[in-house]
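Asker: Take this structure, written in structure tokens, and hold onto it; I'll ask about it next.
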Amino acid sequence: MPETAIIVHGGAWKIPEELTTRSVDGVKRAARTGYKVLLGGGTALDAVVAAVSVLEDDTAFDAGHGAVLNKKGEIELDAIIVNGKTLESGAVCCVQDIANPVQLARHVMEKTNHCLLAGQGANDFAQEMGVPRVSPEELVTPEARAEWERFTKYTSAVKGLFYTRSEPPKIPGCDTVGAVALDTDGNLASATSTGGITAKRAGRVGDTPVIGAGAYADNDVCAASSTGHGESIMKVCLTRRVGEKVETGCSAKEAADQALDFMKKKVGGAGGVIVISKTGQVAHSFTSERMAWADIHEGKIHYGIDPHQEYEDEIVEVEK
């Protein structure tokens, strides 16, 4: 049986210098939180929800707290969770006033016969489940409000948010968070959460809540979570494509690299993925300028944010 492992990401985009330390600290904290769950005998599902919830509570990212605003100046959050043991999944999209949409997505998976609930229906379900609502003021930071005001002056925010390293940046912005875990029973799980793209059209839904795009998990193959330009990710079913590459014999790293290269060549999209294979291989890859990520396996925590740079520390303790 492979050892337990977890990897998290904080979004693939042009992360500005002033956010790099906060972003790296955030993903490290999330990885430690999820790893503590695994050490305590928790499931991979428990671990990814715990890790993503930490990222949703961190205003360095845009899922939950720190959420970006759509064109109408409103919050619309998406999240998904996938169980590699059963292929069950739960997702929500366009939910408002929910601090931790990943937890609501898990309720959808475990308490309904559905895979995806949207908009007001998802918010109504949250009320049924006793999920507390929070005011938009609590979720939206002054920086997100200022970013929205600036972005509304541009005709295309997307081109500035996501680009390959060979293309010049235009406008900075926030992105998706995610986690993938392998537990002591060999079960895999994946979770992804996002606030979308600043100044997006109201009702726009990207890849995050879509099975095989925003997240994928199958105990017989691997689990993956994606980040980047949602429309591009959906067009190539990015996380499922990673799984297909693993099925053909690629390592987790090779699968991540090849899937992202295919997306870049086929539809011109940039982004990133995190992966854990059924044998415990842990990998990440991104074609955007930066992606904050952290993983814990084999007794060490690994992390980074810039391409071709990786740091490694011994695990002294996990978050209390």
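Asker: If contacts are Cα pairs under 8 angstrom and at least 6 residues apart, what is the relative contact order of the stretch 195-267 in percent?
Answerer: 25 percent
Asker: Once you've got the GNM for the chain with C-alpha springs shorter than 10 Å, pick whichever of VAL180, VAL275, VAL54 has the biggest mean-square fluctuation.
Answerer: VAL54
Asker: Rounded, prolate or oblate: which fits the stretch 82-142, taking a ≥ b ≥ c as square roots of the Cα gyration tensor eigenvalues, rounded meaning a/c under 1.5, else prolate when a/b beats b/c?
Answerer: Prolate.
Asker: Would you work out which of ALA224, GLY249, GLY271 lies farthest towards the positive end of the dipole of the stretch 165-312, given +1 charges on the beta-carbon of Lys and Arg and -1 on that of Asp and Glu, about the Cα centre?
Answerer: In the stretch 165-312, that residue is GLY271.
Asker: Which one, ARG22, ARG240, ARG106, has the greatest fluctuation when you compute a Gaussian network model over the chain with C-alpha springs under 10 angstrom?
Answerer: ARG22
Asker: Could I ask something else about it? Among [x] 41; [y] 14; [z] 30, only one was calculated for this model; which label is it, if the read-out is percent of Cα pairs over 33 Å apart?
Answerer: [y]
Asker: Is it possible to state the helix-based mean residue ellipticity at 222 nm for the chain, with each DSSP H run of 4+ residues giving -39500 (n - 2.57), the sum divided by total residues, to the nearest 500 deg cm²/dmol? What is it?
Answerer: -10000 deg cm²/dmol
Asker: Just how much of THR194 is accessible, in Å², when a 1.4 Å probe is used and the result is rounded to the nearest 10?
Answerer: 10 Å²
Asker: Mind ranking TRP293, TRP148 by accessible surface for me, highest first, 1.4 Å probe?
Answerer: Per-residue accessible area, sorted high to low, gives TRP148, TRP293.
Asker: Let me ask something else about it. Using a 1.4 angstrom probe with every protein chain in place, what is the largest-first accessible-area order of ASP306, ASP183?
Answerer: Numbers: ASP306 40, ASP183 5 Å².
Final ranking, largest accessible area leading: ASP306, ASP183.
Asker: OK, next. GluC sites (Glu not before Pro), restricted to the stretch 213-320: which are DSSP loop and have at most 14 other Cβ atoms within 10 Å?
Answerer: GLU298, GLU310, GLU317, GLU319
Asker: Return the sequence-ordered ³J(HN,Hα) values of the stretch 65-77 in whole Hz as given by the Karplus equation 6.51 cos²θ - 1.76 cosθ + 1.60 applied to θ = phi - 60°, using x for Gly and Pro.
Answerer: Residue by residue, the stretch 65-77 yields 5, x, 4, 7, 10, 7, 4, 8, x, 10, 8, 9, 10 Hz.
Asker: Under unit Cβ charges (Lys, Arg +1; Asp, Glu -1), what dipole magnitude, rounded to 20 debye, does the chain have relative to its Cα centre?
Answerer: Once rounded to the nearest 20, the dipole reads 1100 debye.
Asker: Percent relative contact order of the stretch 1-109, based on C-alpha pairs within less than 8 angstrom and at least six residues apart?
Answerer: Answer for the stretch 1-109 is 19 percent.
Asker: Further, regarding this structure: Could you compute the net charge surrounding LYS253? Neighbours are other residues with a C-beta less than 13 Å from the C-beta of LYS253; K and R count +1, D and E count -1.
Answerer: So the environment of LYS253 carries a net charge of -4.
Asker: OK, next. When only Cα pairs under 8 Å and 6 or more residues apart are kept, what is the percent relative contact order across the chain? Can you show the working numbers first?
Answerer: On the way: 930 pairs, mean separation 81.2, N = 320.
This gives 25 percent for the chain.
Asker: Of the candidates LYS36, LYS85, LYS300, which one comes out as most mobile in a Gaussian network treatment of the chain with C-alpha springs shorter than 10 Å?
Answerer: LYS300
Asker: Hey, can you grab everything whose amide H is under 5 Å from the amide H of VAL134? Only 5+ residues off in sequence or another chain; H modelled, so Pro and N-termini drop out.
Answerer: Close amide H contacts, sequence-distant or interchain: ILE98, ALA99.
Asker: Whose amide H sits under 5 Å from the amide H of CYS94, counting only residues 5 or more places off or on another chain, with H placed in the peptide plane?
Answerer: Counting only residues 5 or more places away or on other chains, the set is LEU77, ASP78, GLY119.
Asker: If you don't mind, there's one more thing I want to ask. Counting only protein chains, not ligands or nucleic acids, how are ASP124, ASP175 ordered by accessible area (probe 1.4 Å), most first?
Answerer: Values: ASP124 70, ASP175 5 Å².
Heavy-atom accessible area, descending, gives ASP124, ASP175.
Asker: Under the Karplus relation 6.51 cos²θ - 1.76 cosθ + 1.60, θ = phi - 60°, what is the ordered set of whole-Hz ³J(HN,Hα) values for the stretch 99-114, x standing for Gly and Pro?
Answerer: 6, 10, x, 5, 5, 5, 4, 5, 4, 4, 5, 9, 10, 9, 9, 10
Asker: Within the accessible area of the stretch 168-275, what % is carbon and sulfur when the probe is 1.4 Å and the other protein chains stay in place?
Answerer: Numbers: 1650 of 3390 Å².
Accessible surface attributable to carbon and sulfur in the stretch 168-275 totals 49 percent.
Asker: Under 26 Å from the Cα of LYS265, which lysines turn up, not counting those fewer than eight places away in the same chain?
Answerer: Excluding near neighbours in sequence, the set is LYS14, LYS159, LYS170, LYS200, LYS235, LYS245, LYS253.
Asker: Now for a separate question. Just want the answer: with Cβ charges of +1 for Lys and Arg and -1 for Asp and Glu, which residue in ALA126, VAL180, PRO16 is farthest toward the dipole's positive end in the chain?
Answerer: PRO16
The values are calculated or read from the model by the stated rules, or taken from the named source; none is laboratory data. The structure presented is a predicted model; accordingly, all values stated were derived computationally and were not measured. So basically every Cβ, Gly included, is an ideal-geometry build from the backbone, and we count neighbours across all protein chains shown. The protein model used for the area step is the full one, side chains on, heavy atoms only, and it has no ligands, DNA or RNA in it. Shrake-Rupley method; radii C 1.70, N 1.55, O 1.52, S 1.80 Å.
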